[in-house]
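Heads up: the structure comes next, in structure tokens.
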Amino acid sequence: MSAYDLNALSGINASSQGLGVISNNLANSQTIGFKSGRAEFADMFSGAQKSPGNGVRVEAITQSFEQGTITATGRELDLALDGEGFFILNDQTGKYGNVYTRNGSFKLDKEGFMTDQAGNKVMGYTLNEALSKELNPVFNTTLSAINLMELNKTPRATDEMSYDINLDGQQKYNVDPFDVNPTATVGSTDNLLKLTKPEAQGVGPFGGFPDFSTQKTIHDTLGGEHRLTSNFYKRDVVEAVVGLSSFQESYNGYSNALVNYNNAVDDGLVGADLLPYETALETNYDALQQKIADDFALADPLGSGVALTGAIGDPAATIAGNAAAIYADYQTEIQFRKDNNLNDLGEKYTSWIVQYTVEDFDIDTGEWVTSGHRYDQDNGVETNEAGIIFELRFDTNGNLLQTRQPADRSDPSGENLGLDMEPTSRELSPLDWVEVSGRKGKLDWVIDSPKTGATDPLGAQDPTTLQLAIDVDFSDMTMFSGDYTLRGVTQNGYRIGDLVGLTTGRDGVIEARYSNGRSIPVAQLAVANFNDLNALEKLGGQMYAESFGSGPAMIGKAQSGGMGTINAGSLEYSNVDTAGELVKMIQTQRTYQASAQVLSTSQELTRTILNL
């Protein structure tokens, strides 16, 4: 056989392989996630440089990983990647750790796992329930199979709540409209007691109406639902330290006059020359004494105070001689005023009281009735307090300064709710009300009507060791003038529920909707990419596996690190250009025919030689 026969034969073989690649592309033109290939030819050469060559061979079959057409399907579990990356699947055969695909036609198996149509589980980052908040989901950083049913197989008791509400800064002070006592504000000791013990004999509920109220369903350890009512009452505006700064200014005037007087005496001034300094000292001392008298004339005096040494009208020499005693008395007075200052913040603020109660619906009466009482964690007993109260303090810019609660809540009486809660007092005593850490209040409830098998206090797994049942976060609360705005109240408890729907974001975050009313992010899809895509091991079914040549998988999330975007309710179809493939087919067919013609010509030449 001649050399050109062999060349022609290699051309036929190569063209045949090229037609095979083209036919494979055309056959998969509607295959989801399919990437078209092309045959790349290379010449064969050996021998002397004058050799015409040894024909052609297929050097490689290269795939094009260009974007395919994304088509909307409307199916929730159909996902398409727009851009770089592959979905990651756990290989159910066990031959490979993970396999990779652009085919986003997924389903849920009987156990709730998200899989492809062949049963390989979709991998991603699952929700970290310990670190996540209702509005701030946190996902684990290690890959795992995505199970959309797992989170609602067992109920969860409420143990965290957050309040994001704007209270009207122009609201008037809340008073009891049925009480003729002019001091019947919500902040009086008796009324605070009514907010905590509305059921107690001789106490009764507070007669005033809440300035703002909102309700939220919370859950116990069995998933039982209870209504938590939050009532907000505007209590008072507490001014900054009344009289303290002006008292110090009065003493500073006296002190400066005393220094000037002593300096004049040291300089030898007498008579008329010393008179101006004597007059200034006496005047400033009289002003200091008068300041004390004026303070005691206030309707809301700062305290009993102490009398400064000396008396109004004393001569300058006497005042100067008693300077040490006057200074000691001044220090005593300053300390007394600080100790009895009703504003421990040292700045003007607005005080609100929030009252919490728990109710359940009574089918027999058709009404909501009190169903929970506060649990005393310190003593391990249930109390008769149907209400838990906190004080919220807002600064002059409407931002939350402090959250406070009664220091001793086991027996809220006039004593422990504030010794200074007399009608003339506007400040909850810092001795009997304490600031809570992180602006989070503590709600410890025992659900006693109806009595169930749920763990009490509500939300606590072990009442003997845990110091709270529900953490209530007030950090986002504001007090701007205008309207009451309920921006959001969240709680993290739920009863068991079934999956009813899914929504997948462009970043791959899957939000699941359950029959128990929950709608939460449950996982985030992982996306992988490789340095050399054509070195991936082809497995069929639009599947690929990592190889030594491809390099290790670079795993990340959609819309980050160069990864593409996920389109929900869509599928990426083949990137095959049918018209282009038909053109290639014609060209390859002609190459095949031309090589075959060479063989035919060779036969004619052979017959001619044989006929000689």
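The values are calculated or read from the model by the stated rules, or taken from the named source; none is laboratory data. Model, not experiment: these values are computed from the prediction. Because the Cβ atoms are built from the backbone with ideal geometry, glycine has one as well, and the counts that use them run over all protein chains shown.
Considering only region 345-358, I want to know if a residue exists there that is small (G, A, S), modelled with pLDDT of 85 or more, farther than 26 Å from V237 by Cβ and assigned by TED's automatic domain parsing to the domain that holds V203. Talk me through it step by step, then tell me what you get.
Kept after step one, since they are small (G, A, S), are these residues of region 345-358: 346, 351.
The next check asks that each one be modelled with pLDDT of 85 or more; those that pass are 351.
Within this subset, residues satisfying the condition of being farther than 26 Å from V237 by Cβ are none.
So far as region 345-358 goes, no, none of its residues is small (G, A, S), modelled with pLDDT of 85 or more, farther than 26 Å from V237 by Cβ and assigned by TED's automatic domain parsing to the domain that holds V203.
Regarding E581, is this residue among the charged types (D, E, K, R) and not assigned by TED's automatic domain parsing to the domain that holds L148? Full working, then the answer.
On the way: among the charged types (D, E, K, R): yes; not assigned by TED's automatic domain parsing to the domain that holds L148: yes.
Yes.
Which count do you get for residues in region 359-397 that are closer than 30 Å to Q170 by Cα, hydrophobic (A, V, I, L, M, F, W, C) and either more than 28 Å from the chain's Cα centre (by Cα) or assigned to a loop (DSSP other than H, G, I, E, B) (or both)? Spell out how you get there, then give the answer.
Going residue by residue through region 359-397, those that are closer than 30 Å to Q170 by Cα are 386-397.
If we keep only those that are hydrophobic (A, V, I, L, M, F, W, C) too, we end up with 386, 388-390, 392, 394.
When the remaining residues are screened for being either more than 28 Å from the chain's Cα centre (by Cα) or assigned to a loop (DSSP other than H, G, I, E, B) (or both), the result is 386.
Result for region 359-397: 1.
Within the bounds of region 35-54, is there any residue that is in a strand (DSSP E or B), buried (at least 19 other Cβ atoms within 10 Å of the Cβ) and in contact with an Asp or Glu (Cβ under 6 Å, 6 or more places away or on another chain)?
no
Any chance you could count how many residues in region 346-404 are touching a residue at least 12 places away in the same chain (Cβ under 8 Å), of a type in the set (G, A, S) and surrounded by fewer than 21 Cβ atoms within 10 Å (Cβ to Cβ)?
3
V472 - would you say it is touching a residue at least 12 places away in the same chain (Cβ under 8 Å), exposed (fewer than 15 other Cβ atoms within 10 Å of the Cβ), among the aliphatic types (A, V, I, L, M) and more than 29 Å from S29 (Cα to Cα)? Steps first, answer last, please.
Details: touching a residue at least 12 places away in the same chain (Cβ under 8 Å): yes; exposed (fewer than 15 other Cβ atoms within 10 Å of the Cβ): no; among the aliphatic types (A, V, I, L, M): yes; more than 29 Å from S29 (Cα to Cα): yes.
No; evaluated as a whole, the condition is false for this residue.
For residues that are assigned to a loop (DSSP other than H, G, I, E, B), of a type in the set (A, V, I, L, M, F, W, C) and modelled with pLDDT of 90 or more, scanning just region 141-155, find the one that is surrounded by the most Cβ atoms within 10 Å (Cβ to Cβ). Please lay out each step first, then the result.
Let us first name the residues in region 141-155 that are assigned to a loop (DSSP other than H, G, I, E, B), namely 141-143, 146, 148-149, 153-155.
Still in the list and also of a type in the set (A, V, I, L, M, F, W, C): 143, 146, 148-149.
Subset that is modelled with pLDDT of 90 or more: 143, 146.
Numbers: L143: 17, I146: 25.
In this case the residue turns out to be I146.
Might you let me know whether region 535-546 holds any residue that is surrounded by fewer than 16 Cβ atoms within 10 Å (Cβ to Cβ), under 60 Å from the mean Cα position of the chain (by Cα) and in a helix (DSSP H, G or I)?
Yes, the conditions are met somewhere in region 535-546.
Would you check which residues across region 157-186 are modelled with pLDDT of 85 or more and not in a loop (DSSP other than H, G, I, E, B) and list them?
Hits for region 157-186 are E160, M161, S162, Y163, D164, I165, N166, V175.
What pairs come up if the first residue lies in region 193-222 and is within 13 Å of T357 (Cα to Cα), the second is among the small types (G, A, S) and modelled with pLDDT under 85, and their beta carbons are under 7 Å apart, counting only those six or more places apart or on different chains?
K194/G204; P198/G204
Does region 559-568 contain at least one residue that is in the same structural domain as Y100 (by TED's automatic domain parsing), under 30 Å from T126 (Cβ atoms) and in a helix (DSSP H, G or I)?
No, region 559-568 contains no residue that is in the same structural domain as Y100 (by TED's automatic domain parsing), under 30 Å from T126 (Cβ atoms) and in a helix (DSSP H, G or I).
Among the residues in region 55-72, are any among the charged types (D, E, K, R) and within 30 Å of L9 (Cβ to Cβ)?
So far as region 55-72 goes, yes, one or more of its residues are among the charged types (D, E, K, R) and within 30 Å of L9 (Cβ to Cβ).
What's the total number of residues in region 186-242 that are in contact with a strand residue (DSSP E or B) (Cβ under 6 Å, 6 or more places away or on another chain), farther than 25 Å from Q491 by Cβ and exposed (fewer than 15 other Cβ atoms within 10 Å of the Cβ)?
The number of residues fulfilling the criteria is 1.
Tell me which residues, restricted to region 60-82, are over 29 Å from the mean Cα position of the chain (by Cα) and not in a strand (DSSP E or B). Working first, answer last.
Quick first cut of region 60-82, residues over 29 Å from the mean Cα position of the chain (by Cα) only: 60-75.
If the condition is that a residue be over 29 Å from the mean Cα position of the chain (by Cα) and not in a strand (DSSP E or B), then S64, F65, E66, Q67, G68, T69, T73, G74, R75 are the ones that fit.
Answer yes or no: is there a residue in region 562-578 that is surrounded by fewer than 20 Cβ atoms within 10 Å (Cβ to Cβ), among the aliphatic types (A, V, I, L, M), closer than 20 Å to Q67 by Cα and at pLDDT below 95.
The answer is no, given that none of the residues of region 562-578 is surrounded by fewer than 20 Cβ atoms within 10 Å (Cβ to Cβ), among the aliphatic types (A, V, I, L, M), closer than 20 Å to Q67 by Cα and at pLDDT below 95.
Could you list, in sequence order, the residues of region 84-140 that are assigned to a strand (DSSP E or B), surrounded by 16 or more Cβ atoms within 10 Å (Cβ to Cβ) and basic (K, R)? I'd like the intermediate steps shown before the answer.
We begin by selecting, within region 84-140, every residue assigned to a strand (DSSP E or B); these are 86-90, 98-101, 105-108, 113-116, 121-127, 133, 136, 139.
From what's left, surrounded by 16 or more Cβ atoms within 10 Å (Cβ to Cβ): 86-90, 98-101, 105-106, 108, 113-116, 121-127, 139.
Within region 84-140, K121 is the sole residue that qualifies.
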